[in-house]
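Below is one structure, written out as structure tokens, with a few remarks after it.
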Amino acid sequence: MRELPETISAGYRHRVTEPDTARRWRNDLPVLATPVLLWLSEVTAMAALADYLEDDEMTVGLSHDSSHLAATPLGWEVSLTARLVERRGNKLVFEVSAHDGTDEVLRGIHTRAVVSRSKFLDRLASKAA
């Protein structure tokens, strides 16, 4: 991994479409589903790191400690931010948040690890064999 500045951050915007709703997760509500919101926070953290990864590197999600604070209706846009707050070896800890223009809808911590893509794929192939 290239040298990281002390703090990096990224933003990401996403309009809630039908595939993003809780209806796709066995809940009959036309709102942004929690698993999708968590995934969007991961995407935002990955965007913050994009310029710092070497050719064979990628990041994988390790953990979430986040709260889904309010519902975001179908068709609304949610704006997310991820800010690097701690680095422990290959582990990177981000503060993540999201807002839908009316409410803060997500607040928490997301941790990612920097790994070798080729080694990851080799282990995956071995597991599948």
Selection from LEU106, GLY75, SER63 lying farthest towards where the dipole of the stretch 9-128 points positive, charges on Cβ: SER63
Length-normalised contact order of the chain in % [C-alpha pairs under 8 Å, at least 6 apart]: 28 percent
Assigned charges on the beta-carbon of Lys, Arg, Asp, Glu; the stretch 9-128 dipole about Cα centre (debye): 380 debye
Trypsin sites (Lys or Arg not before Pro) within the stretch 25-128, DSSP loop, no more than 14 other Cβ atoms inside 10 Å: ARG26
At most 14 other Cβ within 10 Å, DSSP loop - GluC sites (Glu not before Pro), the stretch 51-118: GLU54
Expected 222 nm ellipticity per residue - DSSP helices of 4 or more, -39500 (n - 2.57), all of the chain, to 500: -7000 deg cm²/dmol
Charge dipole of the chain about the Cα centre (unit charges at C-beta), most positive-ward option of VAL43, ALA10, VAL115: VAL115
Cβ-based net charge around MET58, under 15 Å, with every Lys or Arg adding one and every Asp or Glu removing one: -1
Most mobile listed residue (ASP100, ASP28, ASP20) in the chain, GNM with C-alpha springs under 10 Å: ASP28
Formal net charge of residues neighbouring HIS99 (Cβ-Cβ distance under 13 Å; K, R +1; D, E -1): -2
Share of Cα-Cα pairs in the chain lying beyond 17 Å, as whole percent: 59 percent
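Coordinate-derived values only; no laboratory data. Source: prediction; values computed, not measured. We place every Cβ from the backbone using ideal geometry, glycine too, and count neighbours over all the protein chains shown.
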